[in-house]
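The values are calculated or read from the model by the stated rules, or taken from the named source; none is laboratory data. Note that the structure is predicted; figures quoted are calculated from it, not measured. As a convention, Cβ positions derive from the backbone with ideal geometry for all residues, glycine included, and neighbour counts pool all protein chains shown.
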Amino acid sequence: MSDGSQHLDGTGDLEAVRESYEQLPVALGTTRGTEHRFVAANAAYRFFSAERPILGLPAREVFPEVLAQEVFVYLDRALETGEVQSGREWHIQLDRGAGLEDIFIDFTISPVAGADGVNAGVNIMLVDITEQVLEKRAMQRRAAEAQRRYEAARGVVAELQSALLPTALPVLPRVQIAASYLLADADTAAGGDWFDAFPLPGGRLALIVGDVVGHGVAASATMGQLRVVLRERLAATGDLPAAIDAVDRIAVTLPGGRATTVCVVVLDPSCGTMVYCTAGHPPPLVIGEQEPRYLPATGAGPLGVGSRFPVSQEKLGTSEILLLYTDGILERPGRDVPQSTVELARVATESAADRIFHGQFPTAVDRLTIQTVELLTRGSGHSDDITMLAAQRVTAPARLDLRVPARSETLTELRVRLQAWLDTARVGAHDADAIRHAVIELAANVIDHAWIDSPDEHWFTVTADLTDTGHIHAQVTDRGRWREPAPSADRGLGLHLSSQLVDDLRLTHDEQGTTATITYRVHHRARLLSTADLAPAPAVRPAAQNELLLILDQPHAPQPRIRVDGPIDTVTADEFDRAVRTAGSAGVRTLTVDLTGVTHLASAGVAALHRLTALHQASKTRLRLYAPTGSPADMILSLVSLTHETVDPGYPENTIQ
């Protein structure tokens, strides 16, 4: 060519090809060799990679943060097999200069043959679809109510499944538990998998995962009956062989009960001893600091087929995790069981160690039961139900033992220290709110009434413990004088409110003083999953509670309105009362009080709201109390039957449904 430009046979000008490659809107990269060293990357790929050094470097060195995210296995597979590998809406975490980001991609990886016809490398095509995926999920959230109605209309099967499986797991001092359940086809029918976990006499714990053959109403009904029988027999006696024999006799009589498989473990968290039986079921996996290991199968056959049920004994080390699962995680499309068994051990170990999607879940057992399912099913799909139940031995929280000055100003510090202990005991937010409210009410009652005639300095004690049965057992004890409670709209609401918040409240008193004892069963939510749940949005840290009372006028609201943030307790109730009276001009105009940001509504605050409501009623105006559904204020106002609104009366379109 007279102009000196280069041409490629059948392709065109070399420079034009290079420019087209560079300017394509999709990310393109090419690697060579088994290390997948980059030899080419266009502008879109370099932008996707945050302009980090690429050329000449192995892919695992360029992107070390995705080593445990099951990405590089697809580069290896394309190079080794010569088959195109692809994925859609894959969730990965990538560092693009500002820390790890949760992103979603579509990808295609195709082999590149060398001059000798042997695969020499791969071509990688990536499309960042994060915005589209997030928008789609936002639309799904906006359509949540419609989806719930659709779910209800699908029939009784899913409802039956939800009713038969436990929705919550016990919170225990020496072991953390988590469970997940993924249906084989979330749009059609429930299946026969089940899990269970419950305390046994002597501080032991029963862990169960089972699998009834088939799907649909019949399998769910059979599963429910077998689960109840096994739980009842095991809870009553703690005798594992006897309980398995009993459920085996029932399985023979139930349609679809024959060939049911089940793995049952009885664990003593204090020493780690566990007795177990794998009745035709895959053996448990143990994950710890050493290499993961599968426990030996016990040699027992399935239920209802005339099997014997020998048991075995093993030891679970401190901080080790025991994973029970159903065969749906092993028998995935395109995978054989030996291959899936190795994959499960590897991915479960990475999940537990928080080396996959960082910071999504606070505990190793939660990460393991959710992230393992996500990673192992997103490339292969799943054709059967998948159930996972994980338990980890942990150090028991120390008993809370506080000596508190009997002054109102100490309630704030007591609330903070009690919440810190509840966090240490791994108590969830809903349960912690109820316990904290009840204890603070009892403490306020002591401060107000125990030494009413004494000007001296006095102290009382607050203790709390998490028992082996999964209960919080808390006591507030004083050495003052007992007075019979006299509830009214104004005073004496503390004991009544406390009794409504907890499972049991008992008072004992004599000449030495008074002890109030509360008991509350605490739970950890089990996760019943759909496919859409497997790649959750980035975790959002809960906002720190504000222990200062802030009352703000909202002059731009359509009607007179104030917002309240922080605690309304014995210390701040008078300030709150004055602020509401001022904003409502002592009751002569209608006023909206937004209680969204209230972190603690004590009986003193409830009494103030009763007085203020009566003040407005006497003036024929309204005091409109707004507390969104599920907020701390909504919980207390609902308990005391104080009229309030859960949809924002001034901005209904902004209310979270």
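Consider the range 359-396. How many of its residues are among the hydroxyl-bearing types (Ser, Thr, Tyr) and either out of contact with any helix residue (DSSP H, G or I) (no Cβ under 8 Å at 6 or more places or on another chain) or without any contact (Cβ under 8 Å) to a residue 24 or more places away in the chain (or both)?
Selection size over the range 359-396: 4.
Considering (1) in contact with a strand residue (DSSP E or B) (Cβ under 9 Å, 6 or more places away or on another chain); (2) without any contact (Cβ under 8 Å) to a residue 12 or more places away in the chain, say which one GLY328 fails and leave the rest.
(2)
Those residues that are part of a loop (DSSP other than H, G, I, E, B) and touching a residue at least 40 places away in the same chain (Cβ under 8 Å), I need them from the range 335-352; list them, please. Break it down stepwise before answering.
So the first thing to find is which residues in the range 335-352 are part of a loop (DSSP other than H, G, I, E, B), and the list is 335-336.
Once the filter is applied, which keeps residues that are part of a loop (DSSP other than H, G, I, E, B) and touching a residue at least 40 places away in the same chain (Cβ under 8 Å), the range 335-352 yields only ARG335.
Each row is one residue, and each column tells you yes or no for (1) at pLDDT 90 or above; (2) closer than 27 Å to SER408 by Cα; (3) in a helix (DSSP H, G or I).
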position: ILE518; (1), (2), (3): yes, yes, no
position: HIS524; (1), (2), (3): yes, no, no
position: PRO538; (1), (2), (3): no, no, no
position: ARG541; (1), (2), (3): no, no, no
position: PRO558; (1), (2), (3): no, no, no
position: ARG563; (1), (2), (3): yes, yes, no
position: VAL571; (1), (2), (3): no, yes, no
position: VAL593; (1), (2), (3): yes, yes, no
position: THR599; (1), (2), (3): no, yes, no
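List every residue pair whose Cβ atoms lie under 9 Å apart, where the two residues are 6 or more positions apart in sequence or sit on different chains, the first residue falls within the range 458-469 and is assigned by TED's automatic domain parsing to the domain that holds THR519, and the second residue, located anywhere, is among the hydroxyl-bearing types (Ser, Thr, Tyr).
Taking only residues 6 or more apart or on different chains, the pairs are PHE460/THR477; THR461/THR477; VAL462/THR477; THR463/THR477; THR467/THR519; ASP468/SER270.
Can you tell me which residue among VAL305, VAL262 is over 25 Å from the mean Cα position of the chain (by Cα), farther than 30 Å from THR467 by Cβ and assigned by TED's automatic domain parsing to the domain that holds ALA197?
Of VAL305, VAL262, the one residue that is over 25 Å from the mean Cα position of the chain (by Cα), farther than 30 Å from THR467 by Cβ and assigned by TED's automatic domain parsing to the domain that holds ALA197 is VAL305.
Give the range 29-60 a look and list any residue that's surrounded by 15 or more Cβ atoms within 10 Å (Cβ to Cβ) and charged (D, E, K, R), or say none.
ARG32, ARG37, ARG46
In the list THR582, THR592, which residue meets the criterion of being of a type in the set (Ser, Thr, Tyr), buried (at least 21 other Cβ atoms within 10 Å of the Cβ) and out of contact with any helix residue (DSSP H, G or I) (no Cβ under 7 Å at 6 or more places or on another chain)? Talk me through it step by step, then tell me what you get.
Numbers: THR582 fails: buried (at least 21 other Cβ atoms within 10 Å of the Cβ).
Answer to the check: THR592.
Quick check on my filter: what residues within the range 573-591 are among the hydrophobic types (A, V, I, L, M, F, W, C), modelled with pLDDT of 85 or more and within 15 Å of LEU623 (Cβ to Cβ)?
Those that are among the hydrophobic types (A, V, I, L, M, F, W, C), modelled with pLDDT of 85 or more and within 15 Å of LEU623 (Cβ to Cβ): PHE576, ALA579, VAL580, ALA583, VAL588, LEU591.
Scanning the range 318-334 for residues that are assigned to a loop (DSSP other than H, G, I, E, B) and modelled with pLDDT under 95, which turns out farthest from ASP384 (Cα to Cα)?
THR318
Please go through the range 251-273 and pick out each residue that is of a type in the set (A, V, I, L, M, F, W, C), more than 24 Å from LEU316 (Cβ to Cβ) and either assigned to a loop (DSSP other than H, G, I, E, B) or modelled with pLDDT of 95 or more (or both).
LEU254, ALA259
Among the listed residues THR341, THR363, THR372, which satisfies the condition of being among the polar types (S, T, N, Q), farther than 23 Å from ALA526 by Cβ and at pLDDT 90 or above?
Every option except THR341 fails the conditions.
Can you pull out the residues in the range 9-28 that are among the polar types (S, T, N, Q) and either surrounded by 12 or more Cβ atoms within 10 Å (Cβ to Cβ) or out of contact with any helix residue (DSSP H, G or I) (no Cβ under 9 Å at 6 or more places or on another chain) (or both)? Steps first, answer last, please.
Pass one, the range 9-28, residues among the polar types (S, T, N, Q): 11, 20, 23.
Within the range 9-28, SER20 is the sole residue that qualifies.
Can PRO302 be described as closer than 29 Å to LEU172 by Cβ and outside any helix (DSSP H, G or I)? First the steps, then the outcome.
Values: closer than 29 Å to LEU172 by Cβ: no; outside any helix (DSSP H, G or I): yes.
The answer is no for PRO302.
Just give me the residues in the range 318-333 being over 29 Å from CYS271 (Cβ atoms) and of a type in the set (A, V, I, L, M, F, W, C), in sequence order. Give the steps one after another, and end with the answer.
First pass over the range 318-333, keeping only residues over 29 Å from CYS271 (Cβ atoms): 327-333.
Within the range 318-333, ILE329, LEU330 meet the criteria.
Where the second residue is part of a loop (DSSP other than H, G, I, E, B) and aromatic (Phe, Trp, Tyr) and the first is crowded, with 20+ Cβ neighbours inside 10 Å and lies in the range 299-313, which pairs have Cβ atoms under 7 Å and are six or more apart or on separate chains?
Once the first residue is crowded, with 20+ Cβ neighbours inside 10 Å and sits in the range 299-313, its partners that are part of a loop (DSSP other than H, G, I, E, B) and aromatic (Phe, Trp, Tyr) give ALA300/PHE309.
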